[in-house]
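Beneath this line is the structure, given in structure tokens, with notes to follow.
Each reported figure results from applying straightforward, stated rules to the coordinates on display, with no laboratory input. As the structure is a computational prediction, the values presented were derived from the model and not from experiment. Backbone-built Cβ (ideal geometry, glycine too); neighbour counts: all protein chains shown.
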Amino acid sequence: MDVGGRLKFGKADNFQTELRRRVEGYFQSTGRRQRDCPQMYVKTAIILAVHAASYGLLVFYASRWWQAFPLAILLGLTTAEIGFNIQHDGSHKAYSEHQWINKLMAMTLDLIGGSSYIWHWKHDIFHHTYTNITGHDADIDIGFFGRLSPHQKRYEFHRWQHLYLWPLYGFLAIKWLLFDDFRDVITGRIGGHQVPRPRGWEWILFLGGKMVFFTLAFAIPLLFHPVLVVALFYGVVAVVTGIALSMVFQVVHVVEQAGFPLPRPDTGCIENAWAVHQVETTVDYARNSRIVIWLVGALNFQIEHHMFPRLCHVNYPAISKLVETTCLEFGVRYSEHKSFGAGLVSHFRWLRRMGLAA
């Protein structure tokens, strides 16, 4: 339900139809599973085990700062890993053919403090439909703190945003978990969109998830450690998580190569077809790095993810060349950074450009 009506895209062409045909043909010819991939279940077990171990050691074992600090960093990173790999696939129904498994995996976001209900609307629906469209995609709207789109209002202090936003990214998780979810549920709005408030079991899941998070993050640690120590190391965990989340997501949409189209003033529609829009507002990075692929849940194959969000992410490397070739054949711009570092540099330059442009 969108305030002001649903935004429309240009008429679909043969690009999306042909791309889907080729990808479906790939899975049929190889016999590869689209979901319920064994390596995904193994990966999930590893991430959850390391997360639980780092939490247990931090809360029940660490008694010196030099023990607690690296454990807090590891806990922050594994929290982000749960988001990148497990809940993200579950939320998109890409983890399994069985919907109860997808729901269970999506609920790991509630375990680490977020709301799977709000995430579904904000990310799965609005971001994936209206990618990089100012006023519709809440992911590129950080309020007056920064100007990420050329169509957002510029303030004089934005000329320094390429410097001050980096440390502010560390507070993303704190703001999201402790404020944004509650605001969105109370107001029934996410950015410029109206959303239905949770009902019945959705309310129970929302409130229950927050209670579990507050218990794990604060109540249990306070039984063993002073208030200031708990607050300090919660801050370390949250800042590490926030930085990791921000870096991974910003370098695929808020960079020089990504488009930021607006609806045509005469028709009120986005000129490109939806599939073309998704590709040209998104940028891949580090496609040849197995380490990056494993750590970020193949979100570095962001174009492939936006085109096929219901594929388990372990499949994205296998179809990336097929997607790139089809884009080239149809004249659709396919952009990538050769490394994660190159993506960060592009994000830096884009922030600087947006801070200086009128």
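Structure summary
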| quantity | calculated |
| --- | --- |
| Cross-link reach list, lysines versus K338, counting only Cα pairs under 21 Å and skipping chain neighbours closer than eight places | K321 |
| Sorted by Cβ neighbour density within 10 Å, fewest at the top, the residues E202, E97 | E97, E202 |
| Efficiency of FRET between F69 and L223 - r from beta-carbon atoms, R0 22 angstrom, step 0.05 | 0.60 |
| Gyration tensor (alpha-carbon) shape descriptor, segment 199-267, a/c threshold 1.5 | oblate |
| Note, ³J(HN,Hα) from phi for segment 33-39, Karplus 6.51, -1.76, 1.60, rounded to Hz, x at Gly and Pro | 6, 7, 9, 6, 7, x, 5 |
| GNM top mover of G343, G146, G56 - the chain, alpha-carbon springs below 10 Å | G56 |
| Segment 118-242 shape via C-alpha gyration tensor axes, a/c threshold 1.5 | oblate |
| Chain lengthening between F145 and Q194 when straightened (0.36 nm per residue, less Cα-Cα) | 15.3 nm |
| Per-pair calculated FRET efficiency, R0 = 25 Å: R290 and L328 via Cβ, rounded to 0.05 | 0.50 |
| Ranked list, fewest to most other Cβ atoms within 10 Å of each Cβ, for F15, F214 | F214, F15 |
| Relative contact order (%) - the chain, alpha-carbon pairs under 8 angstrom, separation at least six | 26 |
| Long-range amide H partners of G259 with built H, under 5 Å | T281, T282 |
| When each of K103/K210; K122/K210; K93/K122; K11/K93 is checked by Cα-Cα distance, pairs over 20 Å | K11/K93 |
| Gyration tensor (alpha-carbon) shape descriptor, segment 230-358, a/c threshold 1.5 | oblate |
| Per DSSP, loop chymotrypsin sites (Phe, Trp or Tyr not before Pro) in segment 131-164 with at most 15 further Cβ within 10 Å | Y155 |
| Where trypsin sites (Lys or Arg not before Pro) fall in DSSP loop in segment 100-153, at most 15 other Cβ within 10 Å | K153 |
| For A273, distant residues with modelled amide H under 5 Å away | G10 |
| Calculated from backbone phi, Karplus (6.51, -1.76, 1.60) coupling profile of segment 96-109 in Hz, x at Gly/Pro | 8, 6, 8, 5, 5, 6, 4, 5, 4, 5, 4, 6, 5, 5 |
| Proxy reagent accessibility, fewest Cβ within 10 Å first, across W65, W119 | W65, W119 |
| For segment 299-313, 3J(HN,Hα) per residue [Karplus equation, 6.51 cos²θ - 1.76 cosθ + 1.60, θ = phi - 60°, Hz, x = Gly/Pro] | 5, 5, 9, 5, 4, 4, 5, 5, 7, 9, x, 9, 8, 4, 5 |
| Choice from G76, G200, G143 showing the highest fluctuation, given a GNM over the chain with Cα pairs closer than 10 Å | G200 |
| Cleavage-rule hits, trypsin sites (Lys or Arg not before Pro), segment 1-64, DSSP coil, Cβ neighbours within 10 Å at most 11 | R6, K11, R64 |
| Inter-centroid distance (Cα atoms) of segment 147-185 relative to segment 42-113, Å | 25 |
| Debye-sum result for segment 7-114 in log10 I(q)/I(0), which assumes one identical scatterer on each alpha carbon, at q = 0.13, 0.19, 0.24 Å⁻¹ | -0.66, -0.98, -1.18 |
| Interchain or long-range residues, amide H under 5 Å from R189's placed H | V195 |
